[in-house]
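Every read-out reported here was derived from the displayed coordinates using simple, explicitly stated rules and does not represent laboratory data. Please read these numbers as outputs of a predicted model, since none were measured by experiment. Reconstructed Cβ throughout: ideal geometry from the backbone, glycine too, with neighbour counts over all protein chains shown.
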Amino acid sequence: MTKRKTVLEREIEALSRVNKFIGSISNLHRLLDLIMKESKRIMKAEASSLMLYDPKSKKLFFEVALGKKGKKVKKIRLKVGQGIAGTAAKMDKVLNIPDVTKDPHFYKEADSRSGFKTKSILTVPLKRKGKLLGVLEVLNKKNGRPFDKQDVRLIQIIAGQAAVAIENAQLYLANLRAERLAAVGQTITSLSHYIKNLLTGIEMGKETVHLGLEDREQETFATGWRMVDKNMEKVSNLVLNMLNYSKPRKPLYQLANLNEIVKQVVASQEEHAKRENARLLTNLDHHLDRVLIDTSGIERVLLNLVGNSLDALKGRGGKVEITTHLEKKKKLFRIIVSDTGCGIPKEQIKEIFNFFYSTKGSKGTGIGLAVTEKIVKEQKGKIKVTSEVGKGTTFTITLPWH
Ligand SMILES: Nc1ncnc2c1ncn2[C@@H]1O[C@H](COP(=O)(O)OP(=O)(O)OP(=O)(O)O)[C@@H](O)[C@H]1O
Ligand SMILES: [Mg+2]
């Protein structure tokens, strides 16, 4: 009676413990580790191992092996039918081997690699809806005796639960991969669309240049060239933004003239300013003629902010002003880009730094501010925006001054 109660108790305990695996499905490695630990504990075994089945190579491989020398057996691969684990998988049944030295299937390699001395093995295939997922093994019962009937029942309970949990975790991983692929697909579609527009612009510019050359029309030639130039600049801006966004970037600090960088950006935006009927002004603090900055990062930030401000004028004219300002006492400096453009509605402000958020249709990708924010944060700085619809927008970047 007492014995029977103990059996039942162990079974209930095993069930309730392994049931918890189902909840931790998101991390496959942690899950396998947990299955190992629990089966070793419940079965009172010296070691345990779990081989996962890879349907592509049709092989079983050790994902985890516990016990004192567990780490060493992690890399072993077995064909189905090879070793005791492979045989259990092939025969699709629990194998209880009381003395492995007498079993011709025993795969000695694992012991010789790990230094572990296997005496008895209890092996069970992990299956779900008829599909092989892996093989679970417990090795050497701690009391020195072979595994008994009760152990066989227990390992079957564990195997059933473990298979569900492993299947869930693998499905979760597959879904995650599919979601990521879908996101990559979407990104590529949006970017390709935008790049195609720019290439069309370049193509049209080229044809206009040809026309100008054929007809010896200076004005037509110049118009075509401007089209090529504008779209080329956009392609280059897009590529540099993408490169900046795609990976973490360590700022490369060097002593440089911040105001000179501002002037260069202004010079590069003259054409754009002309198209928008804009005045591009600067208000520069000469204390920042020599300052430790990440020049290429700052240049990227400025190009994005000034580009946006000029776009915001929408050809109606107005001004864009870039201010630099050192606050020595606070050990920081500011770069302020303000414009008299269309402004940003309140409800949109929280969206503008999101990747791919753009209100410019085919004329924008929505990468500019996401990259700008990333660069500023990588330099331990802050970016702030204030805006009033119909009046204009001001972006303020605050960076530490060394
Ligand atoms: N100075 C500004 N004035 C008004 N709206 C702005 C300003 N700066 C940004 N925005 C708004 O924020 C959005 C996101 O800006 P962001 O620079 O990230 O993308 P974009 O300019 O649309 O495209 P791109 O990737 O080519 O820069 C813009 O589409 C625009 O709606
Ligand atoms: Mg932009």
Amide proton proximity set for Thr282, modelled H, under 5 Å, gap of 5+ = Ile322
Projected label distance in nm at Thr187 and Asn27, using a 7 Å step from Cα toward the beta-carbon = 2.5 nm
Part-to-part distance (alpha-carbon centres) for the stretch 130-194 and the stretch 28-62, which is given in Å = 10 Å
Helix 149-214 vs. the chain, principal-axis angle (Cα, 0 to 90°, nearest 10) = 20 degrees
Within the stretch 211-262, report the chymotrypsin sites (Phe, Trp or Tyr not before Pro) that DSSP leaves as loop and that have at most 14 other Cβ atoms within 10 Å.
-> Tyr253
What is the dipole size for the stretch 48-157, taken about its Cα centre, with +1 at each Lys and Arg Cβ and -1 at each Asp and Glu Cβ, in debye to the nearest 20?
-> 320 debye
Log10 I(q)/I(0) at q = 0.14, 0.22 Å⁻¹ for the stretch 67-186, from Debye over equal alpha-carbon scatterers, is -0.67, -1.32
Counting helices only, and only those DSSP H runs with n ≥ 4, report the 222 nm mean residue ellipticity of the chain as the sum of -39,500 (n - 2.57) divided by its residues, in deg cm²/dmol to the nearest 500.
-> -16500 deg cm²/dmol
Helix 218-246 versus the longest principal axis of the chain: what angle, 0 to 90°, nearest 10, using Cα atoms?
-> 30 degrees
Rh by Kirkwood over Cα pairs, then Stokes-Einstein D for the chain at 1.567 mPa s and 4 °C, µm²/s = 48 µm²/s
Enumerate the whole-percent occupancy of each 5 Å bin, from 0 to the last occupied one, for all C-alpha pair distances of the stretch 249-400.
-> 2, 10, 19, 23, 21, 14, 8, 2, 0
So, in nm, how far is label Leu15 from label Thr101 when the simple model puts each one 7 Å beyond its Cα toward the Cβ?
-> 4.0 nm
Zone of Asp229 (label point 7 Å along Cα→Cβ, backbone N under 13 Å): which residues in the stretch 275-298?
-> 275
Placing +1 at every Lys and Arg Cβ and -1 at every Asp and Glu Cβ, with all other atoms neutral, what dipole size does the chain have around its Cα centre, in debye to the nearest 20?
-> 3080 debye
Could you work out how far helix 28-42 tilts from the main Cα principal axis of the chain, as a 0 to 90 degree angle to the nearest 10?
-> 20 degrees
With charges only on Cβ, +1 for K and R and -1 for D and E, what is the dipole size of the stretch 261-351 about its Cα centre, in debye, rounded to 20?
-> 300 debye
Estimate the FRET efficiency between Lys56 and Glu219 by the formula 1/(1 + (r/R0)^6), using the beta-carbon distance for r and 51 Å for R0, to the nearest 0.05.
-> 0.20
Per-residue Cβ contact counts at 10 Å, fewest first, order Asp99, Asp285 as Asp99, Asp285
Which residue, Lys108, Lys382, Lys363, tops the fluctuation ranking in a GNM of the chain built on C-alpha contacts under 10 Å?
-> Lys108
Amide H proximity to Ile76 below 5 Å, modelled H, separation 5+ or other chain, gives Phe62
Pick from Lys331, Lys247, Lys56: which is most flexible by mean-square fluctuation in a GNM of the chain where alpha carbon atoms under 10 Å apart are linked?
-> Lys56
Using the Karplus curve 6.51 cos²θ - 1.76 cosθ + 1.60 with θ = phi - 60°, work out ³J(HN,Hα) for each residue of the stretch 8-15 in order, rounded to whole Hz, and write x for Gly and Pro.
-> 4, 4, 4, 5, 5, 4, 4, 4
Of Glu109, Glu137, Glu276, the one that fluctuates the most in a GNM where the chain has Cα springs shorter than 10 Å = Glu109
